[in-house]
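The structure appears right after this line, and notes come after that.
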Amino acid sequence: MNSAEIAERLREIGKNTVEVRDPWKWVRSLVRQFTNFFTILLILPAVMCFVADRLQPGESMNVLGWALLGVSLLNAFFSFVQEFRAERAMEALKKFLPPKVEVIRENSTASILAEELVTGDVLLVNEGDRIPADARLVKCDDLVANNAPLTGESKPIKLDTSASGQHLVESSNIVFAGCSILKGNGLAVVFATGLRTEFGKIAHLSQAIHRTPSPLERETAHMVRILTIIAVTMGFSFFLYGVFSGRSWWVNLVFMMGIIVANVPEGLLPTFTLSLAMGSLRMARKNVLVKGLNAVEAMGAVHVICTDKTGTLTRNRLAVTHLTSSLENRSLDSAEERTFLLELALCASEVRKTKESFSGDPLDVAVAELYSQGKGDVSAVGEARLRHFAFDAEKRRAAGIGVVNSQLVFTVKGAWENLRPMVSQLRAEEGKPQQVDDEGLDRAENIMGEMAASGLRVIALAYRTLPEGDYSETPQEELEKDLIVAGFVGIEDPVRPEVPAAVEKCRNAGIDVIMITGDHPDTARAVAVKCGMVPAGTGKGIVITGDALDRMSQKDLVRRLDDGVRVFARSTPDQKMKIVGALKAMDRVVAMTGDGVNDAPALRAADVGIAMGESGTDVARASAQIILLDDNFASIVAGIEEGRTVFSNIKKFTNYVLVSNGPEILPYLLYVLLPVPLALTVIQILSIDLGTDIIPSMALGQEPPDAEEMNRPPRDQNEGLLTLPLISHSYLFLGLLEALWSMTLFFLVLIQGGWHYGQDLGTADPLYRSATGIALATILLMQIGNLLGRRFRSRSGLDGGIFRNRLLILGIIIQIVFSWALLYFPPVQKVLATGPVALDVYLLAWLGIPLIFGLDYLRKKGLLLVRKEG
């Protein structure tokens, strides 16, 4: 098809997508904000205020009711906006890795967006692909599909190109949208896209899928529920105390609502969600794409990274650098023998010509590129191939039947250990096969081992000539005997330059790095040394092979991991599950990388599954929580750092917000226990919780990574947000400091104005308004010192980074301006019922900033000193 035909079909049929739009999604979201626990907690006191005003008019309870109702609406709207922003952020992440497919258009292979697929396109189907549309097979090699997403039947389906009389969904010559390819490859012609596919018809009938809360969101909700229960219990207890002490019921009602409102951090939960979403976007900019908010927090808790070698630790820019015979370790001199060896490799490969180069497995592409550099025609070799046996991960080999050097041959390429039992002869450089015994095979193995020890990836090539005949139905096992070893191909894949530094960063952060590869043990050990995973000169005991792993019990594997094993060689994807299980038995949070269809179970079993974005299969990406856009190990480490930063920032602004609860609660306790005026009204408390504290909280949630973050061990899995040290620091230290200084200035203004202990003051009394104003202003200003101190766990918080965080500067400005306005700006005075104070008293409020900041800094230094001595 030409571009005009493709454009016409897109216009006529539409894009290839089954997305079901939910027109009522945001309406339901908005309604949900008015029915959640926190909004109801504000609406109920508002209703009580309106009832109280009807029963006892003239006490301005209706004003308080309208204030609480207004704040509940503001809180619900704020939560809705934050959820909307978080959803938009997650939608933006999808643009980082749009699903692509390979098609044949105008006689060449092209990579296009899956949504641009049209009927009539010739689709290239490969192992690990998730099929994007319904298509009829016209060519296939050992093709096996998993149609469970469509049929619910998990049994693998063997596919072929022959005509079928079954129902469409039972046809063996159709690949269906949403299903995956377990093995093999082929070509198929698309006949249905989008909602016209069988999968699309089901999707059209289904309801929109709603995101479930992440563990951290659930933990946060649990934390706020605990605080609320404490607040309600405390408020009701003191309400009863007030009733029995003879205070009027409406005074006690106001007091109870004040205690409740002061204890509940109303704006905290939506700020959490937004912080996670913004963290997701920052991680995406570091080439780490998260598929759900819970993955952000999980990344920060990782203890162990289990990583592949090729493409993750190495550059995945394979180059064939050695072509050797099986008799001695030196490069083949004969151009004819080099060509023969490369043609054997291509006969067992699946490589396609593209406009720029070749597509296929990176190893096969490297062989094709070297062959084409010698003026060889890769397409001609492919046309001469009669049959291809796809790579089998368990057998660690691929094979093919074709014409090479004018003779029909069966050729096999793969791991030497798996080919050795099938070998009976070795090919000399002059082209003559020689019978071989065990001693000769050992010499060949030594040659391969020497190549592997130098860091090369080594592929063995073997073949046998076949008499003329039809081998289209001959099982592969019948052909794999009496093979002749043609030689070894040495492929170099240099270690990424940034990997050693990233591994060192992991070591400093208490994170273990384990390599799991299908390569030879000597190759794996050499690469591990180059990456800094194991020291130079490390013996073979640091490596476990797949065969040895099969014989181990989980207990034995745990013991070997404790002993320092960090490399698994000649491993299969299925064995990753065993490694994950052992690490989890050691109470480790495991991150596992993978790119193949067989990696999917291990990716799902790991705490954090990481699929490769460039080389990964669709099935692997669907099973993972995180997709690595550049396949780079250093990006995993950057993602862990960002994950730790997100969790750390959440604890920072949780700590920050809870501090102001102390000076909000103490006035109510003094008011009910002693004959003194109430230092803060409910409306003034709400101006802090849902006013001036919101922007600083968001600013702390966007703080960049702290250099100290990756010098600490991973956090305890059981560490929650509301820990005893955090509560003590928030309420009993910083909160108490703010409470004492604000109450000191409150009573200073009262005493200077002539108030004496036990004297009642009306809420409209100018002296009372001035005193409450300075108490509120002092809390706002001291929150600036609290804000700066929360930036770092052990450092002061005063550095150039303050000016790079614009929200932080904005939050400070808001607090300063608001502290002045509530004392000296009449409109704000009227709303908050505050009054002016003398300038020297206002300046005393400013002393609260260095007071709280300085004492907290001394606490940090004291803790550091204790840790060093300990």
Under the span-like rule (Cα at least 24 Å along the axis, Kyte-Doolittle mean at least 0.5), DSSP H helices of the chain: 37-55, 61-94, 215-244, 268-285, 633-659, 735-752, 766-789, 806-824
Provide the per-residue ³J(HN,Hα) series for region 588-593, in order, calculated from phi with Karplus coefficients 6.51, -1.76, 1.60 and θ = phi - 60°, each as a whole number of Hz, with x at glycine and proline positions. 9, 8, 10, 9, 10, 9
In the neighborhood of Ile814, defined by Cβ-to-Cβ distances under 13 Å, what is the net charge if each Lys or Arg adds +1 and each Asp or Glu adds -1? 0
Average projected area [Cα convex hull, region 267-366], square nanometres: 11.1
Under the Karplus curve 6.51 cos²θ - 1.76 cosθ + 1.60, θ = phi - 60°, whole-Hz ³J(HN,Hα) for region 177-188, x wherever Gly or Pro sits: 4, x, 8, 10, 9, 8, 7, x, 7, x, 10, 9
Per residue, what accessible area does region 697-828 have, given a 1.4 Å probe and all protein chains present, in Å²? 44
With +1 on each Lys and Arg Cβ and -1 on each Asp and Glu Cβ, and nothing else charged, work out how big the dipole of the chain is about its Cα centre, in Debye to the nearest 20. 2820
Share of pairwise Cα separations in the chain, more than 50 Å, in percent: 36
Net charge contributed by nearby residues that have their C-beta within less than 14 Å of Asn508 (K/R +1, D/E -1): -2
Descending accessible area (1.4 Å probe), largest on the left, turns Asp392, Asp121 into Asp392, Asp121
Given Cβ charges of +1 for Lys and Arg and -1 for Asp and Glu, the option among Phe733, Ser372, Pro99 whose Cα lies farthest towards the positive end of the dipole of the chain is Phe733
Can you compute the FRET efficiency between Arg806 and Leu281 using 1/(1 + (r/R0)^6), with r the Cβ-Cβ distance and R0 = 22 Å? Round to the nearest 0.05. 0.85
Inter-centroid distance (Cα atoms) of region 753-782 relative to region 361-407, Å: 87
Residue-by-residue Karplus 3J(HN,Hα) for region 407-412, coefficients 6.51, -1.76, 1.60, Hz, glycine and proline x: 9, 6, 9, 9, 10, 10
Interchain or long-range residues, amide H under 5 Å from Glu350's placed H: Asp361
Which entries of Lys183/Lys375; Lys100/Lys651; Lys183/Lys355; Lys100/Lys375 have Cα-Cα distances beyond 29 Å here? Lys183/Lys375; Lys100/Lys651; Lys100/Lys375
When we measure straight from the Cα of Lys201, which lysines land under 16 angstrom away, once same-chain ones fewer than 8 places off are left out? Lys15
As a test of reading the structure, rank Arg464, Arg644 by solvent-accessible area (1.4 Å probe, protein chains only), most first. Arg464, Arg644
Non-local residues with an amide H under 5 Å from the amide H of Asn185, with H modelled 1.01 Å from N and Pro and chain starts lacking one, are Asp141, Leu143
By the C-alpha gyration tensor axes a ≥ b ≥ c (rounded if a/c is under 1.5, else prolate when a/b exceeds b/c, else oblate), the shape of region 712-870 is prolate
Taking amide H positions as placed 1.01 Å from N in the peptide plane, with prolines and chain starts having none, which residues 5 or more places from Val118, or on another chain, fall under 5 Å of its amide H? none
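Between Ala110 and Leu736, how high is the FRET efficiency from 1/(1 + (r/R0)^6) when r is the Cβ-Cβ distance and R₀ = 56 Å? Nearest 0.05.
FRET efficiency, Ala110 to Leu736: 0.25.
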Considering only protein heavy atoms, with the full assembly of protein chains and a 1.4 angstrom probe, order Phe853, Phe50, Phe633 by accessible area, largest first. Phe50, Phe853, Phe633
Partners for Lys652 among lysines (Cα-Cα distance below 30 Å; same-chain residues under 8 apart left out): Lys94, Lys286, Lys291, Lys505, Lys584, Lys860, Lys861, Lys868
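Counting only other residues whose beta carbon sits under 12 Å from that of Ala699, what net charge do I get with K and R as +1, D and E as -1?
+3
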Reciprocal mean inverse distance between Cα atoms of region 527-592 - Kirkwood radius, Å: 12.4
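The values are calculated or read from the model by the stated rules, or taken from the named source; none is laboratory data. Computed from a predicted model, the values in this text were never measured in an experiment. Counting neighbours? That spans all protein chains shown, and the Cβs are built from the backbone with ideal geometry, glycine included. Calculation scope for accessible area: heavy atoms of the full protein, side chains included, ligands and nucleic acids excluded. Shrake-Rupley method; radii C 1.70, N 1.55, O 1.52, S 1.80 Å.
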